[in-house]
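S.K.: Supplied in structure tokens, the structure appears directly below.
The values are calculated or read from the model by the stated rules, or taken from the named source; none is laboratory data. Everything numeric here is computed off the predicted structure, so don't read it as measured data. Cβ placement follows ideal geometry from the backbone for every residue including glycine, while neighbour counts extend to all protein chains displayed. What goes into the accessible areas is simple: the full protein's heavy atoms, side chains included, and nothing from ligands, DNA or RNA. Shrake-Rupley method; radii C 1.70, N 1.55, O 1.52, S 1.80 Å.
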Amino acid sequence: MTEHDAEPTAQRDQAHSGTGDDVARHGTGRDTARPETGRGTGRPGTDQDTGQNTGQDNGAQVSTGSETAGVPEAAIPELVIISGMSGAGRSTAAKCLEDLGWFVVDNLPPALIPTMVELGARSQGNVARIAVVVDVRGRRFFDNLRESLADLDTRGVTRRIVFLESSDEALVRRFESVRRPHPLQGDGRIVDGIAAERELLRELRGDADLVIDTSSLNVHELRAKMDAQFAGEEEPELRATVMSFGFKYGLPVDADLVADMRFLPNPHWVPELRPYTGLNEEVAAYVFNQPGAKEFLDRYAELLRLIAAGYRREGKRYVTIAIGCTGGKHRSVAMSEKLAARLAAEGVETVVVHRDMGRE
């Protein structure tokens, strides 16, 4: 599913000092990270029958004293509704929440929001935080939003509305840069569509818990604002994939960083080691007993610490580190395992993938 907002890339956002949304949605209705229920920024729970404050502020977990409308007690997900002007950065905000572990659904009809919350409540804690993008693409359903919000309030759902705002000048610039019409302009001009959308969203903007003006923000600055609101006191995590590969099978197309282990002697030419892989202790010992192997591991791990800090500052949450040798069987495998262990010990969530091991 695609979001009909203006800016397609971070580069265009920076070039125009704006945060227009990506043309392609980066995650629609799928949970891309493990649930994280300890970092919510919810409001205090309310009693579902009386509407009185229960005195509890427990993020995604709401104690209501009773069970309502098929939603299990103490299992109601926290909800964020993301809306705002087309081109103001809705998809960037949604992607940020997705990276923080939220279950993100793009362009869900407002009438279905309570149903989504109920399904999350039935997930036994696997979907503890839900973010829903609501915009004018669903305008024939938009009148149902207020009714849905009232329904959520009666269920005791901890919810917040995030509204992305931007000036007319910034929005026009973003739409013109990608040569796409505003979803409401019809046969008129872009400014006509913007004016119609502002009027349609005026009431929702007044009800918003958080309004972010992105007129002078770039993608990274918007992500920083979202992190500050929803990441809690913890620094957003960096997730790393360490991938071994063989150069003779080609470079990994998704690699952010590539290191070449062909400066080390190849265990392939040691007859007793040839049948094994870098997962074998004897092969790994052979690799790391070679001059420069341990030094490379130490210095590369130090370099990655520097890079990781910069990635976090720039809002990058995922990195793929490719470690290559000739066939992807011995040296790259052994080095990938050691490097992944170093990263994990330093608090980086790490996955190891041996792309070409076993291909020979």
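S.K.: For Gly246, what charge total do you get from the other residues with a beta carbon under 13 Å from its beta carbon, if Lys and Arg give +1 and Asp and Glu give -1?
M.R.: +3
S.K.: Tell me, what is the 1.4 Å probe accessible area of Val352, in Å² to the nearest 10?
M.R.: Here the accessible area works out near 50 Å².
S.K.: What number, in nm² with one decimal, is the all-direction average of the projected area of the convex hull of the alpha-carbon atoms of segment 239-354?
M.R.: Approximately 6.8 nm², given one-decimal rounding.
S.K.: For Lys248, go through the lysines and keep the ones whose alpha-carbon is under 24 Å away, minus same-chain ones fewer than eight residues off.
M.R.: Filter leaves Lys329, Lys338.
S.K.: Out of the total accessible area of segment 254-360 (probe 1.4 Å, heavy atoms of protein only), what percent is carbon and sulfur?
M.R.: For segment 254-360, the apolar C and S fraction of the accessible surface comes to 53 percent.
S.K.: Give the span of segment 78-230's Cα atoms along each principal axis, as three whole-Å numbers ordered largest to smallest.
M.R.: The Cα atoms of segment 78-230 stretch 47, 33, 24 Å along their principal axes.
S.K.: If you stretched the chain out fully between Leu306 and Arg189, how much longer would it get, using 0.36 nm times the residue separation minus the C-alpha to C-alpha distance?
M.R.: Between Leu306 and Arg189, full extension yields an extra 37.4 nm.
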